[in-house]
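A.B. asks: One structure is given below, represented as structure tokens, and several questions about it will come after.
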Amino acid sequence: MTPPVDPQPAAPTPWTAPQAQVPLNATVDIPGSKSETNRALVLAALATEPSVIIGGLDARDTRLMRDALRALGVAITEEGDRWRVEPPAEFTAAGWIDCGLAGTVMRFVPPLAALADGPTEFDGDAAARTRPMAGLLQGLQAAGAEIEDGPELPFTIHGRPDLPGGVATIDARASSQFVSGLLLAGARMVGGLDLRHEADGSVPSRPNIDMTVQMLRDRGVRVDDSEPDRWVVSPGPISGGEFVIEPDLANAAPFLAAAALTGGSVTVPRWPAHSNQPGAAITDLLALVGADVSQDGDRLTVTGTDTIQSVDVDLHDASELTPVIAVLAAFGDHTSHLHGVAHIRGHETDRLAALEEDLNGVGAKVDQTEDGLTIHPKLLRSNRWLTYADHRMATAGALLGLMIDDIELDDVDCVSKTMPGFVDLWNGMLADSVAHEEGAGQA
Ligand SMILES: O=C(O)C1=C[C@@H](OP(=O)(O)O)[C@@H](O)[C@H](O)C1
Ligand SMILES: C=C(OP(=O)(O)O)C(=O)O
């Protein structure tokens, strides 16, 4: 089947990040988690009965996921923030699936296509074609799928509803999503899946794998993860039900970091008591830079002090937070070292190169190391901030712009990947802070 011709990319939307005129004082309601939403959709598609997903994230990555699942025969009806998902008895081969730049689509949907009777071709944005896929395809082949082309996008999966499964040994150093994608579909394979990671180095973003395992167990699937680097999923039915999605804690990070940076205070409601989102680590990281972090029921508040302390941190498990932490480090009192994140060279863009380039452009002195960044804070100045189609580069640029005049992002629209309402939320946070200051002045 011929893929639809990719439309001309829309003209980039430049955006000058607003400076904070007063210390921040605001409450920001953060939309649902991308990682949980796309797992909930995939599991609902694999289930034996309908599901309702409440509070799912409505953004490009989750729209691409919904479109992909519909192409495989899943019925999804959206009524406000309640999405009803009706799984088909068997997936239909989809013809062609657009992954955009979404790691969760390119790594979680091919295992579903491997259960369909026929071929499905996968492709995505130009930048998606450089993202690593080999570990996932290695696992699917071991489970019995036939794959044409690859090892990056584009490739075609020739599926079969009686996919054998069994033992699959992969190298998942490049992305935890290889493990998650295979585990999500494992219970639907005839023999289940005995997945092993074998390589000279560890799997990044472990909390995301814990999230996968927990969400499978919540739906009645047996998963044994008692041995390191081995996950055994028993074959069996996946149940449906009603599932509520947590706010996206990685997307909360720039808002909370804004409080730390401006010496203000930002509250995020609905903060989960326990979460497998790697973004949950933002509270410990902000405490490390010297901010005060407190929780009142489910309301999490970060209050900044007058310095940002330098850090020496391993972000292997929470690499999504690297751009925000790198920007904070550029304001630190000494040199900071971020490490454990070699794999983020394969994220939406090469994030180590992008952060080095952009932060040096505003006057910091930043060097890439083999697995991270060394950041020497300097007096910063205005400059263009290139986003490289990466939502986290955009939100990190906005954070920097709170403190430096005239930081112009070349294209802010890339936030639509996981937070299309970002600019409104950011401006709202600033406007509420000004209103609070004026109210305090009059009292
Ligand atoms: O499974 C997931 O939902 C994710 C896993 C992580 O990917 P990597 O393991 O490739 O870092 C994370 O960075 C990404 O934003 C979301
Ligand atoms: C790495 C990320 O995304 P993806 O799900 O596309 O891998 C991210 O959101 O930081």
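A.B. asks: Expressed as a rounded percentage, what relative contact order does the chain have, with Cα pairs under 8 Å and six or more residues apart?
C.D. replies: Relative contact order here is 18 percent.
A.B. asks: Using +1 at the C-beta of Lys and Arg and -1 at the C-beta of Asp and Glu, which of 203, 21, 253 has the Cα lying farthest in the positive direction of the dipole of the chain?
C.D. replies: The residue sitting most towards the positive pole is 203.
A.B. asks: Which of the GluC sites (Glu not before Pro) across the range 1-109 are loop residues per DSSP, with 15 or fewer other Cβ within 10 Å?
C.D. replies: Loop-located and lightly packed - 90.
A.B. asks: Using the basic label-point model (7 angstrom from Cα toward the beta carbon), what is the residue 169 to residue 92 distance in nanometres?
C.D. replies: The modelled label-to-label distance comes out at 4.1 nm.
A.B. asks: Right, something else. Taking the Cα centre as origin and putting +1 on Lys and Arg beta-carbons and -1 on Asp and Glu beta-carbons, what dipole magnitude results for the chain, to the nearest 20 debye?
C.D. replies: Dipole magnitude for the chain comes out near 480 debye.
A.B. asks: What is the extension gain from residue 416 to residue 299, computed as 0.36 nm multiplied by their sequence separation minus the C-alpha to C-alpha distance, in nm to one decimal? It would help to have the intermediate numbers written out before the result.
C.D. replies: Working: separation 117, 0.36 × 117 = 42.12 nm, distance 2.56 nm.
Difference between extended and current length: 39.6 nm.
A.B. asks: Counting pairwise Cα distances across the range 34-233, what percent come out greater than 26 angstrom?
C.D. replies: Working: 4681 of 19900 pairs.
Everything past 26 Å amounts to 24 percent.
A.B. asks: By how many degrees, 0 to 90 and rounded to 10, does the Cα axis of helix 176-186 deviate from the longest principal axis of the chain?
C.D. replies: For helix 176-186, the angle is close to 40 degrees.
A.B. asks: So what J values fall out for the range 45-53 if you push phi through Karplus, 6.51 cos²θ - 1.76 cosθ + 1.60 with θ = phi - 60°, rounded to Hz, Gly and Pro as x?
C.D. replies: 5, 8, 6, 9, 8, x, 10, 10, 9
A.B. asks: Residue 207: net charge of surrounding residues, Cβ under 11 Å, Lys/Arg +1, Asp/Glu -1, itself excluded?
C.D. replies: Residues near residue 207 contribute -2 overall.
A.B. asks: In the range 336-363, which residues have a backbone nitrogen under 13 Å from the label point lying 7 Å from residue 369's Cα in the Cα-to-Cβ direction?
C.D. replies: The answer is 336-342.
A.B. asks: Would you mind checking which residues have amide H under 5 Å from residue 312's amide H? H placed 1.01 Å from N; only 5 or more apart, or other chain.
C.D. replies: 337
A.B. asks: Taking the alpha carbon gyration tensor of the chain, what are the square roots of 5 times its eigenvalues, largest first, to the nearest whole Å? Numbers along the way, then the final one.
C.D. replies: Working: eigenvalues 283, 101, 86 Å².
After diagonalising the Cα gyration tensor, the semi-axes are 38, 23, 21 Å.
A.B. asks: So, one more: Given R₀ = 41 Å, FRET efficiency for residue 333-residue 70 by Cβ-Cβ distance, to 0.05?
C.D. replies: 0.20
A.B. asks: Mind checking the dipole of the range 34-233: about its Cα centre, +1 per Lys or Arg Cβ, -1 per Asp or Glu Cβ, Debye to the nearest 20?
C.D. replies: 340 debye
A.B. asks: Which one, 115, 37, 91, projects farthest toward the positive side of the charge dipole computed for the range 34-233 from Cβ point charges (K/R +1, D/E -1)?
C.D. replies: Result: 37, furthest along the dipole toward the positive end.
A.B. asks: For 409, 137, which order do you get if you count the other beta carbons within 10 Å of each Cβ and list the fewest first?
C.D. replies: Placing the least packed residue first, the sequence is 137, 409.
A.B. asks: Given 5 Å bins starting at zero, what is the percent of C-alpha pairs of the range 25-85 in each, up to the one with the largest pair distance?
C.D. replies: 4, 19, 31, 25, 10, 5, 3, 2, 1, 0
A.B. asks: For residue 241, what residues show an amide H to amide H distance below 5 Å, using hydrogens built from the backbone and excluding near sequence neighbours?
C.D. replies: The list, which skips near neighbours in sequence, is 51, 52.
A.B. asks: Of 380, 52, 175, which is farthest towards the positive pole of the chain's charge dipole, taken about the Cα centre with +1 and -1 on the beta-carbons of Lys, Arg and Asp, Glu respectively?
C.D. replies: In the chain, that residue is 52.
A.B. asks: Still on this structure, I have one more. Quick one: Karplus J couplings for the range 221-230, per residue in order, coefficients 6.51, -1.76, 1.60, θ = phi - 60°, nearest Hz, x for Gly and Pro?
C.D. replies: 8, 8, 10, 9, 10, 6, 9, x, 6, 9
A.B. asks: Would you list, by chain and number, the lysines whose Cα falls below 18 Å from the Cα of residue 34, excluding same-chain residues fewer than 8 positions away?
C.D. replies: Those lysines meeting the cut-off are 417.
A.B. asks: Let me check I've understood the local charge: for residue 392, count other residues with C-beta under 13 angstrom from its C-beta, Lys and Arg +1, Asp and Glu -1. What total comes out?
C.D. replies: Once positives and negatives cancel, what remains is -4.
A.B. asks: Output the 0 to 90 degree angle, nearest 10, between the alpha-carbon long axis of helix 249-262 and the longest principal axis computed from the alpha carbons of the chain.
C.D. replies: On a 0 to 90 degree scale, this one is about 10.
A.B. asks: Amide H to amide H, which residues 5 or more places from residue 190 or on other chains are under 5 Å from it, using H placed in the peptide plane?
C.D. replies: 163, 165
A.B. asks: Sticking with this structure for a sec: Need the full-extension length gain, residue 435 to residue 378, defined as separation in residues times 0.36 nm minus the C-alpha distance. One decimal, nm.
C.D. replies: 17.3 nm
A.B. asks: Loop only per DSSP, at most 13 neighbouring Cβ atoms within 10 Å: give me the GluC sites (Glu not before Pro) in the range 291-399, ordered by residue number. Can you show the working numbers first?
C.D. replies: Details: sites: 320, 348, 356, 357, 370; in loops: 348, 370.
Within the range 291-399, the qualifying GluC sites (Glu not before Pro) (loop, at most 13 other Cβ atoms within 10 Å) are 370.
No value in this document is a laboratory result; all are computed from the given coordinates. Computed from a predicted model, the values in this text were never measured in an experiment. Methodologically, a virtual Cβ is constructed for each residue, glycine included, from the backbone with ideal geometry; neighbour enumeration extends over all protein chains shown.
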